[in-house]
Each structure stands twice: as C-alpha cells, then as structure tokens.
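Here's the structure we're looking at; comments come further down.
The values are calculated or read from the model by the stated rules, or taken from the named source; none is laboratory data. Small disclaimer: the values here were computed from a predicted structure and weren't measured. Neighbour counts are summed over all protein chains in view; Cβ atoms, including those assigned to glycine, are modelled from backbone coordinates with ideal geometry.
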Amino acid sequence: MTLFCLPHLRIMQHCDMRVWFPPQVQPELVPCNHCGSTEEEVLFEGPDRLLHLPGVFRVVKCLQCGWIRQNPRPTIETISYYYPSYYVNFIAAIEDEPSVWRRWDRRYGILKRRWAIERLQSKGRLLDIGCATGIFLQEMRKAGWDVMGIEPHSEAAEYARKHFGLPVYVGVLRDVVLPFNSFDVITLWDVLEHLHTPWADLKQINHLLKDNGLLVIRVPNLESIDARLFGPFWVGWDLPRHLYLYPQKALIAALAEIGFVVEERRCFAGNYSAFLSSLQFYLEDRHPLWIHFSQRMLRLLYSVPARLVFAPLFWLSDQLYLSSTVTLFARKRKR
C-alpha cells in the first residue's frame, strides 16, 4: 500500500487491485477533457462501493490542469449499466414524505438553494440541468421563476412532467436545442461530476446564459473533512459514476477561461448522511468482522437525536467550506 498526497487530501493506493470492467461495459482511455493532456498521476483504484456492481476503476490526476478523472472509464453508450433503476435519483414530492422530519429537512434544503440564488440574481428564466424529479424546479416556479429542466432518466423526467406539470426534456444538454443568451440562471446540482464532456458542456452553458447571468454548480468537495479522513472510501468518489472531480482552484480557473467570475462559494448541505456513508464504506472494507456492529451503530447515528447532537459540528464545517459538497456561484461577464 503506497501513500501519496493531493493538496489537503491523503489517498491510499491499493496496489493489489487491477482495473477491469464487466463484459456489458465498454471501457475507454481518454485524455483530460479540459486541457487535452495525457500526462497523469494514478491516485488509487477501487470498486463500486455504493451499489457493489462489478468492476475495479482507476482515478488519475491531470498533471497539467489538476482536474481529476476516472481513466479508463465506461463509454457514454455503456455507462447506463452503472445506473440501474434503483439508483436513479427518484425523489417523490416533499408533501408525500411520510416522515415529518424528512419533510422539514428536504423543504429547508430546497429553500436554502433558492435563497442563495435570489441573493445574487433577480427572478427570471432558470434552467436546471439534471433536474431529476423536479423538486427544485417546482420550488423555484412557485417563487415566481420561469423554469425548464433537462433530465437523462425518462422515469424521473416523466414524474416531473406529470406530478408538477414542469417543462422537462429527456436527454442530456447536447440533445436539446436551446437559443443562446436565453437564461438568467443555470444550475447543476451534483451533475458536473457525472458528465463525459464537462468542458464542452460548460462552454455550451456559457452560450445559453445571458450576460451577467448566474451559473450555480454543486460538486463533491475534495477539500472536505470526510475526503481527508476517508481517502478512497469517501462517498464523493462514487466510482464509476463520477467521471470527473474538481479541485476548487482548478475549477475556478477553468471557469475564468470561458468568461465566468466566481462571486461566491458556499457549503450549505450539511452532508451528515454523506459523512456516514463514507464511514460505512471504511468500516465495511477495513473491519468486515464488525459489519453487524457497524450497521447497528450507523442506524443509531442516522437517528434524529444523533443528527441534532452533531448538527453544530456540521454547521461549523459548512462555515469553513469543509463539507462534503461545495457550491460555486459564477457570474458570466459581459462580452
């Protein structure tokens, strides 16, 4: 086992692992989508810890621009194997939640997104890329925004259309023809890390935004406490579904190349559940004999009283930009 470092991030490389994919998946070796370089440093190799689907995957760091990517990776035509129906982010309407706590927690989370945007941008047209079942779009529409969504999973898009009556297109950004300079805000909540061509997509987003429009991107935070603590067991890697991860400085610099200025960065998700997922991955790998004990412990930690006890610590991690995800608010400069 070899130790090496990213800035603020210690990773362990499992040298006994070998990259492999099941026969249903076609792998491809790719250069960095941002700068085109093939110079890379291997960070680690690991399995699908979330869904336990077959394969071992490699994570590398681009030595030119700092972007981190999976290489080799599943092709865009075959990666759906790793998105089974039970994975799809199919979140029902908030009012349909049976738990009062869950209703409050989800409602407050959506409101924090809206408040953060409305502090920086007056109401107008909003496009949510990867909108899932439309919970965020519905909140923004109720607040007076003119909204539209794009969602690759047909079931989630159909739910958004039927349940909320939202204008949601099935597909990915390049599949939808939209006029340039037509949106005041474009959001990507936990989406950019899933894209095969994030740099091309960011350029297209730049064309779709009006001058002075706002781009909102939430991504896994490589500088987070749990990324530092858990290394390759951190839930933010989510191999093989997360194809690219972005050190904050590298992403901010890349956005500047295409005319964006990052006005604000925020951590407001708390990410208590993400921390516990990382802890679970670590315990399952390092202490398999403790699995039954660890499951009981995790059930206790997921309880409402435990959440309340640890809430101040996770609030503090938000203030220090050390939560598991970070959100960037970037303004498109006038041409």
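Could you check region 125-176 and list, in sequence order, the residues that are acidic (Asp, Glu) and either touching a strand residue (DSSP E or B) at 6+ places or on another chain (Cβ under 7 Å) or without any contact (Cβ under 8 Å) to a residue 40 or more places away in the chain (or both)?
Passing the criteria: ASP128, GLU139, ASP146, GLU151, GLU158, ASP175.
Cβ-Cβ under 6 Å, sequence separation 6+ or interchain: first residue in region 103-117 and touching a residue at least 24 places away in the same chain (Cβ under 8 Å), partner exposed (fewer than 15 other Cβ atoms within 10 Å of the Cβ) and in a helix (DSSP H, G or I). Which pairs?
Listed pairs, sorted by first residue: none to list.
Out of all the residues in region 10-30, is one or more at pLDDT 95 or above, closer than 22 Å to VAL219 by Cα and surrounded by 15 or more Cβ atoms within 10 Å (Cβ to Cβ)?
Yes, region 10-30 has at least one match.
Of all residues in region 153-163, how many are more than 23 Å from THR325 (Cβ to Cβ) and surrounded by 19 or more Cβ atoms within 10 Å (Cβ to Cβ)?
So the answer is 2.
Could you please let me know if SER273 is out of contact with any helix residue (DSSP H, G or I) (no Cβ under 6 Å at 6 or more places or on another chain), small (Gly, Ala, Ser) and at pLDDT 80 or above?
It is true that SER273 is out of contact with any helix residue (DSSP H, G or I) (no Cβ under 6 Å at 6 or more places or on another chain), small (Gly, Ala, Ser) and at pLDDT 80 or above.
Filter region 174-203 down to residues that are in contact with a helix residue (DSSP H, G or I) (Cβ under 6 Å, 6 or more places away or on another chain) and part of a helix (DSSP H, G or I) and give me whichever is surrounded by the fewest Cβ atoms within 10 Å (Cβ to Cβ).
The selected residue is ASP201.
Out of all the residues in region 312-334, is one or more part of a strand (DSSP E or B), at negative phi, at pLDDT 75 or above and small (Gly, Ala, Ser)?
yes
In region 35-50, is there at least one residue being closer than 29 Å to SER154 by Cα and among the hydrophobic types (A, V, I, L, M, F, W, C)?
Checked against the condition, which is being closer than 29 Å to SER154 by Cα and among the hydrophobic types (A, V, I, L, M, F, W, C), region 35-50 yields at least one hit.
Taking region 66-80, which residues are of a type in the set (A, V, I, L, M, F, W, C) and surrounded by fewer than 20 Cβ atoms within 10 Å (Cβ to Cβ)?
ILE76, ILE79
Those residues that are in contact with a strand residue (DSSP E or B) (Cβ under 9 Å, 6 or more places away or on another chain) and either in a loop (DSSP other than H, G, I, E, B) or free of Cβ contacts under 8 Å to residues at least 40 places away in the same chain (or both), I need them from region 51-63; list them, please.
Within region 51-63, LEU53, PRO54, GLY55, VAL56, ARG58, VAL60, CYS62, LEU63 meet the criteria.
Considering only region 52-64, state which residues are buried (at least 16 other Cβ atoms within 10 Å of the Cβ) and either over 20 Å from LYS249 (Cα atoms) or in contact with a Ser or Thr (Cβ under 7 Å, 6 or more places away or on another chain) (or both).
LEU53, GLY55, VAL56, PHE57, ARG58, CYS62
If I filter region 242-250 for residues that are more than 13 Å from the chain's Cα centre (by Cα), assigned by TED's automatic domain parsing to the domain that holds LEU195 and crowded, with 23+ Cβ neighbours inside 10 Å, do I get at least one hit?
no
Quick one: is PHE293 over 17 Å from the mean Cα position of the chain (by Cα) and either under 30 Å from ARG103 (Cβ atoms) or modelled with pLDDT under 90 (or both)?
Considered against the rule, which asks whether it is over 17 Å from the mean Cα position of the chain (by Cα) and either under 30 Å from ARG103 (Cβ atoms) or modelled with pLDDT under 90 (or both), PHE293 comes out as yes.
For region 216-235, state whether one or more residues are surrounded by fewer than 18 Cβ atoms within 10 Å (Cβ to Cβ), part of a strand (DSSP E or B) and in contact (Cβ under 8 Å) with a residue 24 or more places away in the chain.
There is no residue in region 216-235 that is surrounded by fewer than 18 Cβ atoms within 10 Å (Cβ to Cβ), part of a strand (DSSP E or B) and in contact (Cβ under 8 Å) with a residue 24 or more places away in the chain.
Does region 117-139 include one or more residues that are crowded, with 22+ Cβ neighbours inside 10 Å, of a type in the set (Gly, Ala, Ser) and within 13 Å of VAL185 (Cα to Cα)?
For region 117-139, residues crowded, with 22+ Cβ neighbours inside 10 Å, of a type in the set (Gly, Ala, Ser) and within 13 Å of VAL185 (Cα to Cα): absent.
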